[in-house]
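Just below is one structure, and these are the notes that go with it.
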Amino acid sequence: MLRKIKPPASLVLTNYLKQCNEPPWTSYFVKYSSVINDQRGHSHFNWKVGDSNYHILRTGCYPYIKYHCTKRPYTDLSMDNQMMRIIKVLNLGIPTLLYGIAAIFLISHSEVVYTDKGNVLIYFLLEEKKGSLH
């Protein structure tokens, strides 16, 4: 049986931000089944792409991983990341599961992210106007 090689979620994140010419912000979902979840345990962190630093808010909301990316200067986010982890454990992940289930019905747009390990479809609640500040 042949297995499809999936790109890591971090590669999809980087490539999408590059495809959009390092936008001020973006927010998207990617299916767990489409990527290797190489950022597990990271909820709020910095991510460098080209000349930009992004603050990434990331959460699993089955069947998706949700990313919210905002271009901002580097800041130590380790305490924020720890606090987000504690909150997720305390609420047993129920709110994020409900968010994922709701997203199945609310997603209205998708785009392809191109990677050297295969192309991945990402999803949006609404189509974003590339480069917009809001």
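The values are calculated or read from the model by the stated rules, or taken from the named source; none is laboratory data. Note that the structure is predicted; figures quoted are calculated from it, not measured. Cβ placement follows ideal geometry from the backbone for every residue including glycine, while neighbour counts extend to all protein chains displayed. Surface accessibility is based on the protein's heavy atoms, side chains included, excluding ligands, DNA and RNA. Shrake-Rupley method; radii C 1.70, N 1.55, O 1.52, S 1.80 Å.
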Within segment 25-38, how many residues turn out to be farther than 17 Å from LEU97 by Cα and surrounded by fewer than 19 Cβ atoms within 10 Å (Cβ to Cβ)? 4
Output yes when any residue across segment 80-88 is β-branched (Val, Ile, Thr) and free of Cβ contacts under 8 Å to residues at least 40 places away in the same chain, and no when none is. yes
Given the options TYR74, TYR67, name the one that is in contact with a helix residue (DSSP H, G or I) (Cβ under 8 Å, 6 or more places away or on another chain) and under 21 Å from SER10 (Cα atoms). TYR67
Mind counting the residues in segment 76-121 that are open to solvent by 60 Å² or more (accessible area, probe 1.4 Å) and at positive phi? 1
